[in-house]
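Remarks on the structure that follows.
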Amino acid sequence: MATWEENVRKVVPYTPGEQPKAKNIIKLNTNENPYPPAPGVERALREMEVQEFRKYPDAETKPLVDVLAEYFQVKPEQVFVGVGSDDVLAMSFLTFFNSKKPILFPDITYSFYDVWADLFQIPYECQPLDDNFHIKIDDYKKECGGIVIPNPNAPTGVAMNLAQVEEILQSHPEVIVIIDEAYIDFGAESALTLLPKYENLLVVQTFSKSRSMAGMRIGYAIGAPKLIKYLNDVKYSFNSYTMNMTALTLGVEAVKDETYFRETLQKVINTRERIQKELKALGFVFQDSKSNFIFASHPKYPAKELFEALKESGIYVRYFNKPRIDNYLRISIGTDEEMDALVTFLKNYMK
Ligand SMILES: *Cc1c(COP(=O)(O)O)cnc(C)c1O
């Protein structure tokens, strides 16, 4: 190894789901929303003036902060916006997890957490889910440097209820507790209602799943003004202009159209409920999903084989070759037609 190379910050990066180039595939591998963004988003995009691009965007991300503050009935000082919730979460790790004590998160969870912890040299300790992939709340009552938990959890789709989230908060007034609500709109209870009681709670959400805007990269955190101030201090020490003009403008439009939002959510939820029944009938086992994906296993057909056979036929789902979950498939909820194609394939395969 060359001398300079010894001092390189070496990281094992996060592996995102495949984004295949082929057009005629069924893509159920990255939890994207199968429906387009709200109609106002397209309208606003067409009306954008390219001439404006010569200027820097609004460093304070004000239009988006204001519309989110109004939507959630909080003060603008309680909202932080970033380049997808990945950016918001990474920034939060850097800002709030600065203790010598380990931070806690589940052993089976969003696989970016350990990557950020390693990158920022934050000690961490994974807490095992129980055999049904539920979080054991008592495991989170020990001394620690902070807590991050997705609710619903990914890739399991299992949700905690509000009382469980509050139990964790009650036992930890001394550290920041981040609840990653990437999938909250698909059926779990948001911790936002607990904000008035807990100054150390940070709720992180995203436009990528429920608002069909993964490509625009918009995420946000809501918390006490003090927390948001600390986050902004770190952001301005890093890059003042994280959000580009297009994302700021189009994000506002997505929030404005509540009717469209509720309609698409309901469609995804209805499809999920129907497909859960179909998969059960085919012998799959899984926990009840409160997200836009199903994390399923089959007692007779190994997940890896199913994953490869599906891919061969142009249906992409996600497979994780990791301890405890290497016999599971994470299947995102697509349109009814896409899910029917999946079920038809599985019926034929299992004949
Ligand atoms: C998808 C996802 C995110 C990040 O999504 P962004 O596209 O960066 O907003 C964060 N947490 C979990 C658990 C996710 O599944």
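Computed from the coordinates by the stated procedures, all read-outs in this text should not be read as laboratory data. Because the structure is predicted, anything quoted here is derived from the model rather than measured. As a convention, Cβ positions derive from the backbone with ideal geometry for all residues, glycine included, and neighbour counts pool all protein chains shown.
Quick notes on this one:
- Top of 297, 237, 92 by mean-square fluctuation, Gaussian network on the chain, Cα under 10 Å: 237
- Segment 236-351: translational diffusion in µm²/s, Stokes-Einstein, Kirkwood Rh over Cα pairs, 4 °C, 1.567 mPa s: 79 µm²/s
- Among 144, 126, a tally of other beta-carbon atoms within 10 Å of each Cβ gives an order, fewest to most, of 126, 144.
- Fraction of beta bridges assigned by DSSP in segment 39-256 that are antiparallel (%, nearest 5): 40 percent
- Relative contact order computed over the chain (Cα-Cα under 8 Å; 6+ residues apart), in percent: 24 percent
- A protection proxy built from the mean count of other Cβ atoms within 10 Å ranks the segments 251-258, 298-305, 225-232, 78-85, most packed first, as 78-85, 251-258, 225-232, 298-305.
- Among 327, 161, 24, residue whose mean-square fluctuation peaks in a GNM of the chain (springs only between Cα atoms under 10 Å): 24
- Violating pairs (Cα-Cα greater than 20 angstrom) within the set 304/347; 197/235; 27/311; 27/351: 197/235; 27/351
- If only the Cβ of Lys and Arg carry +1 and only the Cβ of Asp and Glu carry -1, the dipole of segment 209-286 around its Cα centre is close to 220 debye.
- Multiplying each eigenvalue of the alpha-carbon gyration tensor of segment 39-256 by 5 and taking the square root yields semi-axes of 30, 18, 16 Å, largest first, rounded to whole angstroms.
- Within the chain, helix-based [θ] at 222 nm, where runs of 4 or more DSSP H residues each add -39,500 (n - 2.57), nearest 500: -11000 deg cm²/dmol
- Only Lys, Arg (+1) and Asp, Glu (-1) charged, at Cβ; the chain dipole about Cα centre in debye: 540 debye
- For segment 121-195, the equivalent ellipsoid built from the Cα gyration tensor has semi-axes of 19, 15, 12 Å, listed from largest to smallest.
- Along the axis of the charge dipole computed for segment 224-337 (Cβ charges of +1 for Lys and Arg, -1 for Asp and Glu, origin at the Cα centre), the listed residues 240, 264, 317 are led at the positive end by 240.
- Local charge for residue 157 was computed over the other residues whose Cβ lies under 10 Å away, with Lys and Arg +1 and Asp and Glu -1, and equals +2.
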